[in-house]
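Notes to accompany the following structure.
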Amino acid sequence: MKVLIADDDALSRKILEDCLSEWGYDILMANNGNEAWDILGNSDRPNMAVLDWMMPGMDGVEICRRLRLLSLPNYVYVILLTARSKREDVINGLESGADDYIIKPFNREELKSRLKIGQRIIELEQRILRLASTDYLTGLMNRRAFLERLERELNRCEREISNMGIIIMDIDHFKRVNDNFGHQVGDLVLQELSGTLVKLCRVYDFIGRYGGEEFIICLPGADKWNTYKIAERMRSTIENNKIFLSDKASSISITASFGISSVEPGQIKSADRLINEADEALYRAKDQGRNRVVMYISELA
């Protein structure tokens with residue numbers, strides 16, 4: 001876990017660095033408050049920070065106050081380090097937004113224990129965020145998390161004038177699976193299919209469970225023809241795969257229909273428009289007999 005150490009005293013900084021390195025933390029160093037604030041302003045900011053109260057530029061209390069005014073995606077756990085020991089100083093430091101407070105000269109074991117407390121809190125937050133963004137059955141991103149990621153990817157695509165493809169996939173006649181084999185087998189099919197999609201995607205693609213038996217895949221950097229090829233490979237693999245049931249002797253086969261859309265360099269599309277286009281193409285795939293890939297084609301094209 002990354003930890004920022006901010007202290008203008010070179011000796012104190014060195015002692016802290018040696019301790020935290022020995023305990024296995026990944027260290028970032030700042031010589032003053034302004035440097036610390038710049039590091040905390042980065043998107044890859046550390047999860048924890050040990051800040052000296054008195055520093056040139058911006059002191060630790062002011063950094064805490066400013067930090068708590070930001071709407072950050074992940075919490076930053078802050079420990080203030082200072083020689084001030086009066087009760088009003090402790091209250092002032094904690095009310096500024098600090099999570100903990102250690103008086104100099106610090107005890108190594110006390111600092112280690114307080115860092116562990118911060119680490120447990122950060123790890124708990126990360127687990128909660130993962131649960132909130134993950135589909136419980138398949139382990140894929142849930143709909144909300146996928147749409148949030150898609151918005152970020154669209155913004156990046158617009159900035160870099162690049163391609164992006166979207167695939168919406170729906171299992172054909174999935175109700176028959178549940179009716180004929182039961183919902184446990186239906187769940188198994190969804191899990192097996194999810195694993196197949198993950199294997200067929202590139203490391204920088206991302207997948208979400210969009211509905212009951214509907215999945216959505218984003219392909220950054222893929223134009224419409226590459227998107228089509230990837231979707232066709234998925235379709236063919238799913239059609240030819242056997243899904244073995246719990247008895248390991250019997251198996252079932254399924255097919256799926258695919259609708260695709262894309263953003264070409266220089267195009268600007270909202271997430272809603274892109275998904276609606278892929279959804280319309282999926283509807284056409286179903287209407288044309290299922291088990292096929294259909295590309296969205298605008299009526300104006």
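The values are calculated or read from the model by the stated rules, or taken from the named source; none is laboratory data. Note that the structure is predicted; figures quoted are calculated from it, not measured. Glycine gets a Cβ as well: all are built from the backbone with ideal geometry, and neighbour counts include every protein chain shown. Ligands, DNA and RNA are stripped out before the accessible areas are found, and what is left, the full protein with its side chains, is counted by its heavy atoms. Shrake-Rupley method; radii C 1.70, N 1.55, O 1.52, S 1.80 Å.
Things worth noting here:
- Among (1) modelled with pLDDT of 90 or more; (2) part of a loop (DSSP other than H, G, I, E, B); (3) out of contact with any strand residue (DSSP E or B) (no Cβ under 8 Å at 6 or more places or on another chain), the one test that GLU109 misses: (2)
- ILE79 fulfils the conditions (1) in contact with a Gly (Cβ under 6 Å, 6 or more places away or on another chain); (2) in a strand (DSSP E or B); (3) closer than 28 Å to LEU69 by Cα; (4) at pLDDT 90 or above except for a single criterion, (1).
- Residue pairs meeting the criteria (Cβ under 9 Å; at least 6 apart or on separate chains; first without any contact (Cβ under 8 Å) to a residue 24 or more places away in the chain, in segment 196-207; second among the polar types (S, T, N, Q)): LYS199/THR237
- The single residue among GLU88, GLU62, GLU95 that is among the charged types (D, E, K, R) and at pLDDT 90 or above turns out to be GLU62.
- Residues of segment 127-134 include none that is more than 30 Å from ILE275 (Cβ to Cβ), of a type in the set (Lys, Arg) and open to solvent by 50 Å² or more (accessible area, probe 1.4 Å).
- Pair list, Cβ under 9 Å, 6 or more apart: segment 135-150 residue without any contact (Cβ under 8 Å) to a residue 40 or more places away in the chain and over 20 Å from TYR204 (Cβ atoms), other residue open to solvent by 20 Å² or more (accessible area, probe 1.4 Å) and of a type in the set (A, V, I, L, M, F, W, C): ARG144/ALA132
- Which listed residue is farther than 20 Å from ILE121 by Cα, among the small types (Gly, Ala, Ser) and surrounded by fewer than 17 Cβ atoms within 10 Å (Cβ to Cβ), from ALA36, ALA30, ALA6, ALA83: ALA83
- Residues in segment 60-74 that are crowded, with 22+ Cβ neighbours inside 10 Å and either part of a loop (DSSP other than H, G, I, E, B) or among the small types (Gly, Ala, Ser) (or both): GLY60 alone.
- Those residues of segment 1-52 which are part of a loop (DSSP other than H, G, I, E, B) and closer than 13 Å to LEU81 by Cα, in sequence order: ASP7, ASP8, ASP9
- When residues in segment 221-261 are screened for being in a helix (DSSP H, G or I), among the hydroxyl-bearing types (Ser, Thr, Tyr) and touching a residue at least 12 places away in the same chain (Cβ under 8 Å), 3 of them pass.
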